[in-house]
Amino acid sequence: MKPIPLRDLLILLLAVNGWAFNVIAMKFGLMELPPLFMLTLRFVLVAALLLPFHRLTWRQLPGMMLLGFTFGFVHFGLMVIGMQTTDAGTTAVFIQMGTPIAMLLAAFWLKERLRYQQIGGVVVAFLGVMILAGSPALSHWQSIMWLLMSACGWACSTVLIKRLPPIAPLAMTGWLSLFAIPLVGVSSLLTEQHQFTLLLAAGWRGWLGVIYSALGSSILAYSLWYGLLKRYPASQILPWSLLSPALALLMGVAILHESLDHSKVIGTLLTVGGILLAVVRGTVMKKRVVV
């Protein structure tokens, strides 16, 4: 395993920090825009920017439509709903639970064997989530439910990708965004009010939530990440993504002035540590779908 030179290490840290700040940007956006409407705008922007450069074959079409539901609607839709009453750091940690859940799904669905180290890591990660759920920062049990269901959507999408015909990562991002637009958009029309009035009145916070999540996270950070995965083994690169929830936690404290209690710190350390234990030298999904 070759060492990572300084240039690529800086690119790696830029991608990870980009994902961490995405949670902050979305929290800013939720201050001025309804969650599902903001997500719809994000998908529209991503699709508009990526689809002109990426074609889809008929063989790839059913898989992208399915990912539009599991990843676009279930993962992202439930995540932004849960984020409304949860702080940024906790959101990022809960979403990372998609990794151990994906391992369990792969063991059940794809018959992949889990080693004792991986099982131990999954147990530690779930213990961390239980401690994190007891944090005073999580005052609404519904937010825990939405975020865990969102992580399940992430996990299902990750396992599905292994069974689908090959497709370029940014092509996948663009097309699943397109198929998610009607699902999330109709949900916004049915459950939210005054969307366009709020959009016209939105300031920099609302537009930051839309533009950064589309450009900074879905396109820029994603492109940097996959560029690195082409040059280095997945087992060498993927553990670095676990810095993202810890960085989001620190950014939430520094930028959004969120609280930092013992339950949140211990829960985050156990969750991230458990996931790290589970993925190091284990069976890791090479295509990482991102927030």
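The values are calculated or read from the model by the stated rules, or taken from the named source; none is laboratory data. Quick caveat, the model's predicted, so the values are computed rather than measured. Cβ sites come from the backbone with ideal geometry, for glycine too, and all protein chains shown count toward neighbours. Heavy atoms of the whole protein, side chains included, go into the accessibility calculation; ligands, DNA and RNA do not. Shrake-Rupley method; radii C 1.70, N 1.55, O 1.52, S 1.80 Å.
Residue-wise, which Karplus ³J(HN,Hα) couplings in Hz belong to region 76-82, taking 6.51 cos²θ - 1.76 cosθ + 1.60, θ = phi - 60°, and x for glycine or proline?
Karplus values, whole Hz, x for Gly and Pro: 5, x, 6, 5, 5, 5, x.
Let me check against my output: what whole-number percent is the relative contact order of the chain, with C-alpha pairs under 8 Å and at least 6 apart?
Values: 435 pairs, mean separation 122.1, N = 291.
For the chain, the relative contact order is 42 percent.
Tell me the carbon and sulfur percent of the accessible area for region 11-166, rounded to whole percent, probe radius 1.4 Å.
Working: 4730 of 6490 Å².
That fraction is 73 percent.
So what is the diffusion coefficient of the chain in µm² per second by Stokes-Einstein at 25 °C and 0.890 mPa s, using a Kirkwood Rh over Cα pairs?
Numbers: Rh = 19.1 Å.
It comes out at roughly 129 µm²/s.
Quick check on packing: order 125-132, 258-265, 45-52 by the mean number of other C-beta atoms within 10 Å, highest mean leading.
Details: 125-132: 19.4, 258-265: 15.8, 45-52: 17.8.
Order by mean packing, descending: 125-132, 45-52, 258-265.
For region 163-265, what is the convex hull (Cα atoms) projected area averaged across all directions, in square nanometres? Could you put the intermediate results ahead of the total?
Values: hull surface 40.7 nm².
Mean projected area of the Cα convex hull: 10.2 nm².
Mind checking which helices in the chain clear 24 Å along their axis (Cα) and have mean Kyte-Doolittle hydropathy of -0.5 or more, DSSP H runs only? Before the final figure, lay out each step's value.
On the way: long enough: 6-30 (36 Å, 1.45); 116-133 (26 Å, 1.79); 141-163 (34 Å, 0.82); 169-191 (32 Å, 1.53); 262-279 (26 Å, 1.56).
Membrane-span-like by this rule: 6-30, 116-133, 141-163, 169-191, 262-279.
Give the cross-link partners of K230 among the aspartates and glutamates, using a straight C-alpha distance below 17 Å as the criterion and excluding same-chain residues fewer than 8 apart.
Answer for K230, where 17 Å is the Cα cut-off: D8, listed by chain and number.
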